[in-house]
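Visitor: One structure, as structure tokens, below. Some questions next.
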Amino acid sequence: MNMRLLSRGEWIAMAGGLILGISVFLPWYGHEGPNGSLADKAGGNYTVSAFDTHPVLRWLLLLAAIAPFILAWIIVREHELSWPRGQVTSVTAIAAIGLILYQGVISRPGEPSSAISLEWGWFLALLGAVLMLVGSVIRQSETEIKRKPPGTL
């Protein structure tokens with residue numbers, strides 16, 4: 001295992017994965033006022049995390065947060081891949097960004113959704129996913145793509 005093989009891209013992606021993983025447990029949504037409900041709570045002033053609110057999304061985001069660490073493991077162990085290093089991590093990061101934006105902007109949980117505000121944990125999750133994407137794209141740009149001759153699979 002050679003830790004010196006990790007480049008700036010992996011460190012950025014791992015920082016983003018760590019931020020994303022932690023942000024799942026931080027406040028994502030807030031509710032103020034006597035009307036409305038969020039995560040089986042009605043009325044009052046409170047915040048809830050993504051882990052409390054989304055039963056499936058929480059696991060998807062935690063799995064996405066692991067992707068940069070798997071990439072770092074592959075690089076440190078010097079495994080050969082048939083695709084450019086960082087490509088799977090960037091696809092995972094794009095999916096995480098899409099899920100986070102969908103849950104925060106389009107399909108905000110709670111009733112009425114206009115009474116639910118986004119809290120700092122949601123923004124931190126978005127930052128973490130974007131850092132994962134940036135780090136994995138940096139890694140992809142450092143990896144040479146092996147070209148095959150025409151007509152071969």
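The values are calculated or read from the model by the stated rules, or taken from the named source; none is laboratory data. The model shown is predicted, which means the values in this text are computed figures rather than measured ones. When we count neighbours, we look across all protein chains shown, and the Cβ atoms used for this are built from the backbone with ideal geometry, even at glycine.
Visitor: All but one of (1) β-branched (Val, Ile, Thr); (2) touching a helix residue (DSSP H, G or I) at 6+ places or on another chain (Cβ under 8 Å); (3) surrounded by 19 or more Cβ atoms within 10 Å (Cβ to Cβ) hold for Val48; state the number of the condition that does not hold.
Guide: In the conditions (1) β-branched (Val, Ile, Thr); (2) touching a helix residue (DSSP H, G or I) at 6+ places or on another chain (Cβ under 8 Å); (3) surrounded by 19 or more Cβ atoms within 10 Å (Cβ to Cβ), Val48 misses (2) alone.
Visitor: A follow-up question, please. From the list Pro55, Pro84, Pro34, Pro109, pick out the single residue that is farther than 28 Å from Met1 by Cβ and modelled with pLDDT under 80.
Guide: Exactly one residue qualifies, and that residue is Pro34.
Visitor: Among the residues of the range 20-42, write down those that are buried (at least 20 other Cβ atoms within 10 Å of the Cβ) and under 15 Å from the mean Cα position of the chain (by Cα).
Guide: Hits for the range 20-42 are Leu20, Ser23, Val24, Trp28.
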